[in-house]
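Trainee: Please find one structure pasted underneath; my questions will follow.
Each value in this text was obtained by applying a stated rule to the coordinates, not by laboratory testing. Model, not experiment: these values are computed from the prediction. Glycine gets a Cβ as well: all are built from the backbone with ideal geometry, and neighbour counts include every protein chain shown.
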């Protein structure tokens, strides 16, 4: 049987030379992302803004979205966002935070039920008060910051500081781009999105660590090799794994996008985007950054003086 | 690489079989599971017999998640009021007449006692309030109150932060008991009621059709009072105007004095009035309540008696005759459901303080089932795609990886069933995602084996080097994933936490299945087939 090979065995691509292109490119799309984040802003869900989300499904065949919109606007509950989704007459209504603190939110569901209760089945009701939404914002930000710090510390212990810095630069790059993705696509940003972001952080680092592991190994093995060449060699030798894992992960995510239902869909899109940029940043950002940080393996400072002795050993290999 | 002790092989096989056995109950009917549990021999711990199905989150089985917050201000207010009453009682007992009276502060009560002899008598009594008997378990050894004596005779008792926290903690404990009684009375299955943080209670009730009823039952304090309707002068300080529950009815002047309270009820049942066949609530007092009620009604025949629930008048019937039997009925133009609810609330008792709903998430059973179906399809499709891709890329080795992958997913389910963690919709997404990432360990190993083989090593040396060298990378790369998932677990709530759980379990099992199990399969294959070159 002829087996599939995506990356040929003798691939040796000059990735490091690409940094003159990839750095400005990344800088540009990061700027666009930051711009989109501030100019367009995120489409925050009620987890973070507080408010009421109601999903209902028609009991009478076809949902009349126009009349739902009119009736919802007449409820006098401030701005309401009405959306039709799925293909079986499902409608979602999103109301902002009502005045009157925690107690003020409770009236919304009752009013909506009174208006639509006859023709629609209520499939999902979520009410988030002002205090809880504030706390969710806090824990969301805290989670992302904490995970980056924790990983930075772990990598610092496991590798050298240059590697930790390189990994964090790449991760921040992914984070900025993911925020840009949420701003441009206007996919709803909620607690599930925080889960997506943390998973992207985890995935991107996973990818980076695999490349870094190889760099460290080769740094020990070929002490004389110019750093750029060594990085190229490391990336090329792990490239086939990097691509394989991106493909299997994307296949799983694709299944989620196509069949996982509406809640999972936005999460999965963000994740697919994250897998692509996570893979890109491991190769084109994290590794080349090491050139500028002067990556070395621990113990090298002493060994540098006895380099001639080492050289004979490495040529013997 | 090739030598495995029988014990090691047995251990791995046992793990795989245990995975299948413990995840199996999820596919059985509830009856079979109960039968399995009951057939466990007495000398075995019950978890040993596989009978636990995976627990589905509310977003999958449908149900309501309600987060309630106790009104801390109200708790403090009651606390200050109790303190004021206690101090007033002491002053009365000591027969001390005050010029200025008691001053109620936001966090305490102060009183000016100018006469030094009187002050000497009273202050030790006040001190007894400050060191209450609850010091057995008191708020971490910190005093609940402080007493300060000024030079000009001003004595101030203030409630400390520890005192307030302790009181809120107690209020939450009481409220949880009351809520449990109320929800049990609704007849729902397996409600989950637990404290969250300092001043919150999380209530999770699966499979409820009508969350409005649940919220009505949770959000009512249910402080029932029997008080006289004031006659004549309604501007007296002992009278207050209270609204009526029935719409479009004017407020009534009600005496502040409470004759009997809800805590003196021993039973309340919904019923129908024999004459009007209107829904009513029949109640029964304890002995103390019956006595007080008897005395009050016999003294006030002909007057109106107000039944007040949470500062609203339900009804104010006229007293026809003295009611001495300790039984009575509340009528108030109820619907059948309202009468039912009121009976439940009265039986369960009043909440120690008002609770406010700060978060509510309800999923209907229809949507839950749709989500399960969608998740299943996505999981099958993902598994099919990944398994197929691994096979066309690595052939026989891909097959080994795929067997390990299946055991990996089964182990996640088994662990979740055994530990009893909840499977949520994001959790399903997490499992599907681990289907994609679990094979990463295999990919790392296989690619490494190929590299080693290309460098001219023998087949067995390449296999060995591949596993050994890739292992360090597998650990490093999984630790980073693990950190992200663990942080998500501690910060997330509900469904998102379910995602973190499956990710964490997935990372743990992948190291076992993708590394140890595939390694054994390859070793067995190698010793049997003695191949000359790699099959991929």
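Trainee: Using only the Cα atoms of segment B:1-42, what semi-axes does the equivalent ellipsoid have when each is the square root of 5 times a gyration tensor eigenvalue? Give whole Å, largest first.
Mentor: That gives 32, 12, 4 Å for the three semi-axes.
Trainee: Sorting check: for B:183-190, B:342-349, which peptide has the highest mean count of neighbouring beta carbons within 10 Å, and how do the rest follow?
Mentor: Numbers: B:183-190: 13.2, B:342-349: 21.6.
Result, highest mean first: B:342-349, B:183-190.
Trainee: In µm²/s, what is D for the protein assembly as shown at 4 °C and 1.567 mPa s, where D = kT/(6 pi eta Rh) by Stokes-Einstein and Rh is the Kirkwood radius from Cα pairs?
Mentor: 40 µm²/s
Trainee: Between residue A:11 and residue B:475, what's the calculated FRET efficiency when r is the beta-carbon distance and R0 is 22 Å? Round to 0.05.
Mentor: On the way: r = 27 Å, r/R0 = 1.21.
Using R0 = 22 Å, I get an efficiency of 0.25.
Trainee: Neighbouring Cβ atoms within 10 Å as the yardstick, rank A:93, B:129 fewest first.
Mentor: The most exposed by this proxy come first: B:129, A:93.
Trainee: Determine the gain in length on full extension of the stretch residue B:301-residue B:249; use 0.36 nm per residue of separation and subtract their C-alpha separation, reporting nm with one decimal.
Mentor: Extending this stretch completely gives an extra 16.3 nm.
Trainee: Quick check on the exposure proxy: order B:43, B:490, B:20, A:181 from fewest to most C-beta atoms within 10 angstrom. Could the numbers behind the result be given before it?
Mentor: Numbers: B:43 5, B:490 12, B:20 15, A:181 18.
Ranked by crowding around the Cβ, least crowded first: B:43, B:490, B:20, A:181.
Trainee: Let me ask something additional. With everything on Cα atoms, drop me the angle between helix B:161-186 and the longest principal axis of chain B, reported from 0 to 90° to the nearest 10.
Mentor: 80 degrees
Trainee: Where does each of B:34, B:362 land when they are ranked from fewest to most other beta-carbon atoms within 10 angstrom?
Mentor: B:34, B:362
Trainee: From Cα pairs below 8 angstrom and at least 6 apart in sequence, can you work out the relative contact order of chain A, rounded to a whole percent?
Mentor: 25 percent
Trainee: Angle between the Cα long axis of helix A:262-281 and the longest principal axis of chain A, 0 to 90 degrees, nearest 10?
Mentor: 20 degrees
Trainee: I would also like to ask the following. Residue B:78 to residue B:125: FRET efficiency via 1/(1 + (r/R0)^6), r the Cβ-Cβ distance, R0 25 Å, to the nearest 0.05?
Mentor: Computed FRET efficiency for residue B:78 and residue B:125 comes out at 0.70.
Trainee: Using r as the Cβ-Cβ distance of residue B:287 and residue B:258, and R0 as 22 Å, what FRET efficiency do you calculate, to the nearest 0.05?
Mentor: In this case the efficiency is close to 0.80.
Trainee: Let me ask something else about it. Run the paramagnetic zone check for residue B:335: 7 angstrom along Cα to Cβ, then residues of segment B:238-260 with backbone nitrogen under 15 Å.
Mentor: B:246-247
Trainee: Residues of segment A:1-37 with backbone nitrogen within less than 16 Å of a virtual label 7 Å along the Cα-to-Cβ line of residue A:292, please, listed as ranges.
Mentor: From segment A:1-37, the list is A:16-31.
Trainee: Within segment B:275-310, whose backbone N sits under 15 Å from a point 7 Å along Cα→Cβ of residue B:324?
Mentor: B:290-301
Trainee: Can you give me the C-alpha center-to-center distance between segment B:152-187 and segment B:26-76, rounded to a whole angstrom?
Mentor: 29 Å
Trainee: Averaging the inverse of every distinct alpha carbon separation and then flipping it gives the Kirkwood radius. What is it for segment A:34-114, in angstrom units?
Mentor: Answer for segment A:34-114: a Kirkwood hydrodynamic radius of 14.0 Å.
Trainee: Can you give the Rg to Rh ratio of segment B:72-165, both from alpha-carbon atoms, with Rh computed by the Kirkwood formula?
Mentor: When Rh is taken as the Kirkwood radius, the ratio is 0.96.
Trainee: Now a separate question. Translational diffusion coefficient of segment A:42-168 at 4 °C, 1.567 mPa s, Stokes-Einstein with Kirkwood Rh over Cα pairs, in µm²/s as a whole number. Walk me through the intermediate numbers first.
Mentor: Details: Rh = 17.1 Å.
Using the Kirkwood radius from Cα pairs, D works out to 76 µm²/s.
Trainee: Based on alpha-carbon positions alone, could you give the equivalent ellipsoid semi-axes of segment B:224-331 from the gyration tensor, as √(5λ), descending, whole Å?
Mentor: The three semi-axes for segment B:224-331 are 21, 17, 13 Å.
Trainee: Taking just the alpha carbons, could you work out the radius of gyration and Dmax for chain B, both in angstroms?
Mentor: In Å, with Rg to one decimal and Dmax whole: 34.1, 109.
Trainee: Taking the Cα atoms only, what angle lies between the long axis of helix B:6-23 and the longest principal axis of chain B, rounded to 10 degrees?
Mentor: Between helix and principal axis, roughly 50 degrees.
Trainee: I would also like to ask the following. Mind jotting down the distance between the C-alpha centroids of segment A:65-110 and segment B:266-336, whole Å?
Mentor: First find each Cα centre; the distance between them is then 42 Å.
Trainee: Still on this structure, I have one more. Can you compute the modelled spin-label distance between residue B:37 and residue A:225, with each label point 7 Å from Cα toward Cβ, in nm?
Mentor: 6.0 nm
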